[in-house]
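Below: one structure, written as structure tokens.
The values are calculated or read from the model by the stated rules, or taken from the named source; none is laboratory data. For clarity, every value in this text was computed on a predicted model and none was experimentally measured. Methodologically, a virtual Cβ is constructed for each residue, glycine included, from the backbone with ideal geometry; neighbour enumeration extends over all protein chains shown.
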């Protein structure tokens with residue numbers, strides 16, 4: 001008997017099943033091909049597996065030889081222990097061009113979104129928080145980073161800077177790189193650390209660039225943040241853990257920069 005928790009396969013993005021005379025031609029997410037020959041008596045069950053009419057457990061009970069295909073072409077989910085009744089809730093703070101597309105992408109990823117007022121303290125029941133800003137709010141995010149660490153709250157962030165939009169790194173409740181780590185490593189790597197700190201202070205005081213980053217980049221940033229939060233909600237490691245992503249529409253580039261935690265007691269001042 002199949003468990004009531006049986007679920008349809010969640011095929012990796014881009015997977016396509018093309019019917020053939022004796023089975024299917026499978027176009028995989030990495031743009032490769034697989035020829036799948038299926039006996040006539042099993043084709044209806046395989047078709048039901050592909051379309052989601054048949055859950056994975058039930059399909060593998062009938063077609064154990066399909067286990068390899070399922071393992072290779074599906075996105076793994078943690079084994080459920082109870083029916084899911086409510087989506088994971090994300091506390092969304094901040095504003096600017098990122099706010100609306102981010103809320104939309106989070107909901108499309110199956111997450112519940114709760115908006116917080118500016119300066120609102122995340123409550124003890126908050127599991128994950130996402131902050132967005134048109135310009136880097138250095139002082140506010142340093143404070144938020146410390147508060148989330150103290151309370152064991154995972155958090156993510158996105159902002160515009162220069163002509164780019166930046167995402168992350170995603171910060172888990174423990175053991176990951178947070179905003180303070182990113183900030184310190186940026187100061188250490190910058191040839192002009194004092195000038196960089198002065199620029200951040202200018203933004204904190206209400207100063208603004210003459211021209212902000214292209215708002216269209218916020219849509220890309222929102223999609224990346226939502227993908228990380230979906231992975232987090234499903235118990236997987238978010239791709240944006242320990243890395244910051246820069247989105248440069250003018251150059252047509254997306255770049256990833258590794259960010260490691262800074263050991264306690266190191267690099268707590270602006271380098272000379």
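Brief remarks on what is shown
- For the range 26-49, residues that are outside any helix (DSSP H, G or I) and either touching a residue at least 60 places away in the same chain (Cβ under 8 Å) or surrounded by fewer than 18 Cβ atoms within 10 Å (Cβ to Cβ) (or both) total 12.
- Residue match in the range 216-228 (condition: more than 21 Å from residue 157 (Cα to Cα) and surrounded by fewer than 19 Cβ atoms within 10 Å (Cβ to Cβ)): no
- Per-region count, the range 183-203, residues surrounded by 15 or more Cβ atoms within 10 Å (Cβ to Cβ), in contact with a helix residue (DSSP H, G or I) (Cβ under 9 Å, 6 or more places away or on another chain) and touching a residue at least 24 places away in the same chain (Cβ under 8 Å): 6
- Residue count for the range 154-171 under the criterion of being in a loop (DSSP other than H, G, I, E, B) and surrounded by 21 or more Cβ atoms within 10 Å (Cβ to Cβ): the result is 2.
- Scanning the range 204-214 for residues that are surrounded by 12 or more Cβ atoms within 10 Å (Cβ to Cβ) and in contact with a helix residue (DSSP H, G or I) (Cβ under 9 Å, 6 or more places away or on another chain) gives 204, 209.
- Just one residue in the set 52, 68, 4, 21 is within 30 Å of residue 237 (Cβ to Cβ), at pLDDT 85 or above and surrounded by fewer than 14 Cβ atoms within 10 Å (Cβ to Cβ); that residue is 52.
- Matching entry among 209, 169, 215 (being over 21 Å from the mean Cα position of the chain (by Cα) and under 21 Å from residue 101 (Cβ atoms)): 209
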